[in-house]
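Rule-based calculations on the coordinates, nothing more; no lab input. None of these values were measured; they are calculated from a predicted model. Neighbour counts run over all protein chains shown; Cβ positions are idealised from the backbone, glycine included.
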Amino acid sequence: MKSKSVSLLPLLVAIATWISCDRGRTQPTLGGAGNLEIEDTTESDTVLMFEDDNEGLSLEDNETEVFGDFIFAFTHNARFQASRVRFPLPSTEIDGTEDTLRSGRQFREAFQLPGNDYYTMLLGQKEQMEVFQNDSTLTEVDFQCMSLPGQTMVNYKFRRTDGRWFLHSRQHTHVNANMLDFMLFYERFVTDSLFQQESVARELAISMEDPDGEMGGIEGIIEADQWPMFRPEMPAGRFVNLYFGQAFPHPDRLYLYQCGISNGMLDIFTFRRRDGQWKLTAYEN
């Protein structure tokens with residue numbers, strides 16, 4: 001079904017309602033983004049998600065590990081995690097201080113993962129997602145835990161050797177200069193409701209699927225003032241970004257992927273910079 005007018009507003013409202021209900025059943029709660037309040041990023045909100053000591057160990061049966069499967073086991077399984085950290089682990093703080101983590105306990109105290117079961121990726125092209133998921137030659141991934149208010153990040157560098165992923169270093173640093181312009185925009189986008197409304201394209205392309213397969217989903221155009229009805233919860237305060245060497249051939253266009261680590265959640269936001277101003281131009285889920 002396609003539409004280029006607002007005459008489908010009642011149907012859009014209905015679809016927005018079932019999407020909201022479905023997210024309420026399947027998604028973890030993402031701190032503060034729904035009502036655009038700044039997330040409290042105190043240490044107590046930064047947790048490891050270990051659930052089951054036996055979960056994820058079957059990865060050893062895979063000849064070549066997919067990073068998405070690996071990182072789920074790494075963040076949910078204490079024993080598995082301990083087996084995939086190369087100790088002694090080099091660790092660098094933001095002031096340049098260097099240290100070495102020599103035990104699993106030291107590492108778990110330093111491993112700051114936001115308490116949400118998803119990660120975020122900034123891509124220059126949509127095709128890069130398929131490369132990330134399927135390229136067996138991929139050997140390095142940076143798991144970047146970003147703090148939006150301070151524009152800093154803790155970067156965990158993973159390398160794949162003989163089909164297995166291992167953590168090789170940890171570095172606390174500033175957000176990369178080539179990402180800073182967008183990240184400053186994004187922080188304001190998710191915390192300032194008026195700015196967000198101004199930063200949505202006048203005609204916003206949407207493509208949404210019915211997870212229950214009953215309504216068939218919708219693909220079409222909505223007006224900017226209808227965006228709050230469809231806006232999903234977006235990472236705010238802290239979020240995880242994965243960098244695997246992806247290029248950004250069109251610096252004025254970025255795709256932000258929000259992917260569930262342990263579920264099928266997938267949101268795709270398309271941002272374009274026009275006349276120096278970033279705008280949200282499309283949303284898919």
task: Assign one of three labels to the stretch 160-284, namely rounded, prolate or oblate, based on the Cα gyration tensor with a ≥ b ≥ c the square roots of its eigenvalues; rounded applies when a/c is under 1.5, prolate when it is not and a/b is larger than b/c, and oblate otherwise.
output: oblate
task: Can you pull the one-decimal nm distance between simple spin-label points at H250 and A205, each 7 Å off the Cα toward Cβ?
output: 0.9
statement: Expected unfolding gain across E93-V131 under the 0.36 nm per residue rule, minus the alpha-carbon gap, is 10.5 nm
- prompt: Is the shape of the stretch 230-284 best called rounded, prolate or oblate, per the rule: a/c under 1.5 gives rounded, else a/b larger than b/c gives prolate, else oblate, with a ≥ b ≥ c the square roots of the Cα gyration tensor eigenvalues?
  reply: oblate
statement: Simple SL model, points at 7 angstrom along Cα→Cβ for S193 and N263; separation in nm is 2.4
task: Starting at the first residue of the stretch 95-111, write each ³J(HN,Hα) from the Karplus equation 6.51 cos²θ - 1.76 cosθ + 1.60 with θ = phi - 60°, in whole Hz, x for Gly and Pro.
output: 8, x, 5, 9, 9, 9, 8, 10, 9, x, 5, 4, 5, 5, 5, 8, 6
- prompt: Between the stretch 59-129 and the stretch 132-152, how many Å separate their Cα centres?
  reply: 10
query: With each pseudo-label sitting 7 Å past Cα toward Cβ, what's the R273-D225 distance in nm, one decimal?
result: 3.1
